Amino acid sequence: MEAKNLEFEVVIGLEVHAQLNTETKLFCRCRTSFGEQANMNVCPVCLGYPGALPVLNEKALVKAALLGLALQGKVNEQSLFERKNYFYPDSPKAYQISQLQYPIVSAGVLPIHLRNKNGEDLYSKEIQIERVQLEEDAGKLMHSERSEVKQSYVDLNRCSTPLLEIVSKPDMRSAAEAVEYFKSLRRLLIYLDISDGNMQDGSMRCDVNVSLRARGQKALGTRTETKNMNTFKGIEEAIQYEIVRQRALLLSGEKVIQETMLFNSNTGKTKPMRSKEEAQDYRYFPDPDLFTVFFSKENLQSLKEAMPELPDAKFHRYKQEFLLSSYDAALMSSSKNLAGYFEHASAEALALFKEAKPAKESSAAGESSAAGESSPAGESSPAGKLQGPLLAKRVCNLISTELLSLLTEVRLEQALFPVPAEAIGSMAAMLEQGLISSKMAKEIFKALSETDKTVEEIVLERGLKLICDEAALEAIVDKVLADHAKVAADFKSGKAKAMGYLIGQAMKASKGQAEPKLLSKIIQDKLKS
Amino acid sequence: MTPMTQNTSSKAKTPSLKMMEHLSKLSRIKLSDEEKQSFLSDLKHILVFVEKINEVDTENVQPLYSPVEAFTPTQKDVAVALNEQSMDHSKIAENAPNFQLGYFVVPRVIEE
């Protein structure tokens, strides 16, 4: 629940760290592979041996620039690496190579869209990006659970793997906005193949800056920084907790102390890190082992030309081109693989529908658009023009009701779909043509995910086809009316409810395969005549 | 290049014993009282020299970060063969104060 803050405005900024999915480290050619035996991916450079020289990973530089472009940011032709000096066993050089005065990307923007729990649009806003910088990660420390063990253990496999630090401006005004920003950024990084975005393994984590200020006040309040969060829930809870804590302080006339906090996910509370005796003093200076970084305008231009369609652009296109609701458009564009699957299936559905249409011009076209009860286009669609949206909506429904429940995030990331996109397209086309019912679609989908059969094979094998043949349906109806002559007489004498019973009986007689609209039309015609 | 952050070190603090202690702590170098005094006097002299440099008018001069007129070279993102890349743990152990079972062993450090 959002804390009520009538008297205060919440101001939030995020520093996100994303590990790049390069094959090798930022300044040496050691692998970045995760889960290796300790200290296997190390060499004199990342171990900080005297005399070893760092050489910049070209791919890491390109990926940083790519993100800058995607954020509509300013990608600098020249940038600089500096040393951030500190002693800690996770950093054998006693400094981190990072960027300070001249980052690779300065300025940018990321649009976010807020929705309520039902997926309805609330509002959109743009979060300004202050900078994106390249830097190296630190190693990993391990501590024994037993406090009497007076030693810690260091694994330097992760040491010097490339990170992007993405710093937002303090543009967010609620925990929900912060989480949405983090999600949008993660989606973008995965889309562009910059990072695997795997939060469990710590490939993506963030520090959250929170402060409060009196409403209407321009100057920022004193902020706290909560470090190293890697779950959406953690980010949300830590922010909520900080808001409540800081608000209580301010209301009682106390001051918020600018300090670094750690969030405990078990208690849902933040607490200050043991305050260091010395104020942080990193004594940055340009790394003399590395010269100025150059990323040419030509390189930037070719990156720009090769830029794929970004999630936000897809989101807007799905709304415009396929008339999807915001909720559906956001869902279909939420992952690159899912978006590809959705687009492929929709294209397939349209192709199949167009192919089939000329043959059944008169019978299907009129009925079918009326059958799309949830379609935004309504019933009087000029054939062709709105077929795309209608079919896309059907594809979208099949994906959200049938496919997604079978898909784990990992399988989605690896594009391991239980049912091929063509099959979804084919089912959508059949639904739209009124050849199958949504109940049949469910059954076909289940069979598809359990066997290697095609939609056509399953349909034939199980006789899953709606009966659209008027003569065949009339025969069924005639028999039902004869068998239930009394009910039919009831209807004629004004008992309107009897109709439902008769339709039910006829449907049963057809083994559920009668095309429902056609069936009820026939019954009505017969009873009224 | 335009810097995103400004260096605000135009007015350096006068070196004091307290500053020497701070520096000694930051650089993890233990100094005796005598050493502190002697380094303090060195540091004062160094700063006088730096002040001299500050007198030069650099109004329209771009900062120089390296005397080498070159951009930093890059390498392809290709791992070197496993046997070349990975360091023998016995070699690492030779260069570490305490290396056991594949880990560097250090005095216990833990952030609460």
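Numbers for the structure displayed
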| quantity | calculated |
| --- | --- |
| Relative contact order computed over region A:392-497 (Cα-Cα under 8 Å; 6+ residues apart), in percent | 20 |
| Rounded to the nearest 10 Å², the accessible area of B:Val61 at probe 1.4 Å | 100 |
| Angle in degrees between helix A:336-356 and the longest Cα principal axis of chain A, rounded to the nearest 10 | 20 |
| Projected area, mean over directions - region A:37-127, Cα convex hull, nm² | 10.0 |
| Gain upon complete extension [A:Arg411, A:Asp201; 0.36 nm per residue less C-alpha separation] | 73.9 nm |
| Region B:14-99 - charge dipole about Cα centre, Lys and Arg +1 at Cβ, Asp and Glu -1, debye rounded to 20 | 340 |
| Cβ neighbours within 10 Å from other chains - mean over A:335-346 | 0 |
| Convex hull volume of region A:462-529 per residue (C-alpha atoms, cubic angstrom) | 72 |
| Three principal axis lengths of region A:128-257 [C-alpha, angstrom, descending] | 49, 46, 23 |
| Taking the convex hull of Cα positions in chain A, its mean projected area over all directions (nm²) | 34.4 |
| Shielding by partners, peptide A:139-146 (average Cβ within 10 angstrom, other chains) | 2 |
| Förster radius 45 Å - calculated FRET efficiency between A:Ala356 and A:Tyr501, Cβ distance, rounded to 0.05 | 0.85 |
| Region B:14-99: Cα Rg divided by the 2.2 N^0.38 Å rule of thumb | 1.85 |
| Kirkwood hydrodynamic radius (C-alpha pairs) into Stokes-Einstein, region A:387-529, 4 °C and 1.567 mPa s, D in µm²/s | 76 |
| Lys, Arg +1 and Asp, Glu -1 on Cβ, resulting dipole of chain A about Cα centre, debye, nearest 20 | 1240 |
| Entries in A:Lys74/A:Lys319; A:Lys74/A:Lys336; A:Lys439/A:Lys511; A:Lys74/A:Lys297; A:Lys150/B:Lys25 that, when Cα-Cα distance is taken, lie over 18 Å | A:Lys74/A:Lys319; A:Lys74/A:Lys336; A:Lys150/B:Lys25 |
| Dipole of the protein assembly as shown, positive direction: furthest Cα of A:Gly512, A:Val75, B:Leu26, with charges on the beta-carbon | A:Gly512 |
| Partner chain coverage, peptide A:284-294 - average Cβ within 10 angstrom | 4 |
| Most to least packed among A:504-517, A:431-444 [average Cβ atoms within 10 Å] | A:431-444, A:504-517 |
| Computed lengthening from A:Ile257 to A:His344, 0.36 nm per intervening residue step minus Cα-Cα distance | 25.9 nm |
| Heavy-atom accessible area ranking, 1.4 Å probe, most first, across B:His22, A:His17, A:His316 | A:His316, B:His22, A:His17 |
| Residue-wise HN-Hα coupling along region A:207-217, computed from phi with Karplus coefficients 6.51, -1.76, 1.60 (Hz; x: Gly, Pro) | 9, 10, 9, 10, 8, 10, 8, 4, 4, x, 6 |
| Residue-level accessible surface for A:Thr260, protein heavy atoms, 1.4 Å, Å² | 40 |
| For region A:280-342, the fraction of alpha-carbon pairs in successive 10 Å shells from zero, as % | 18, 26, 18, 18, 16, 4 |
| Structure-based [θ]222 nm, the protein assembly as shown - -39500 (n - 2.57) summed over DSSP H runs of at least 4, per residue, nearest 500 | -12000 deg cm²/dmol |
| B:Phe104 long-range amide H proximity, modeled H, under 5 Å | A:Val154 |
| Length added when fully stretched, B:Asp88-B:Ser38, from 0.36 nm per residue minus Cα-Cα | 13.7 nm |
| Dipole magnitude of region A:148-286 about its Cα centre (Cβ charges: Lys, Arg +1; Asp, Glu -1), debye to nearest 20 | 540 |
| Entries of A:Lys25/A:Lys169; A:Lys479/A:Lys526; A:Lys218/A:Lys255; A:Lys84/B:Lys36; A:Lys93/A:Lys140 with Cα pairs more than 20 Å apart | A:Lys25/A:Lys169; A:Lys84/B:Lys36 |
| Ordering of A:69-76, B:46-53, A:283-290, A:494-501 by packing [mean C-beta count within 10 Å, highest first] | A:69-76, A:283-290, A:494-501, B:46-53 |
| Dimensionless Rg over Rh [region A:161-203; C-alpha; Kirkwood] | 0.99 |
| Label point distance in nm, A:Asn118-A:Asp483, each placed 7 Å from Cα along Cα→Cβ | 4.2 |
| For region A:66-211, the spread of Cα positions along each principal axis, largest first, Å | 54, 42, 32 |
| Selected from A:Met199, A:Leu61, A:Gln101, residue furthest toward positive end of dipole (the protein assembly as shown; charges at beta carbon) | A:Met199 |
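The values are calculated or read from the model by the stated rules, or taken from the named source; none is laboratory data. Everything numeric in this text was worked out from a predicted model, so none of it was measured. In this analysis, Cβ positions are derived from the backbone assuming ideal geometry, glycine residues included, and neighbour counts consider all displayed protein chains. When the accessible area is computed, the model is the full protein with side chains, heavy atoms only, and any ligands, DNA or RNA have been set aside. Shrake-Rupley method; radii C 1.70, N 1.55, O 1.52, S 1.80 Å.
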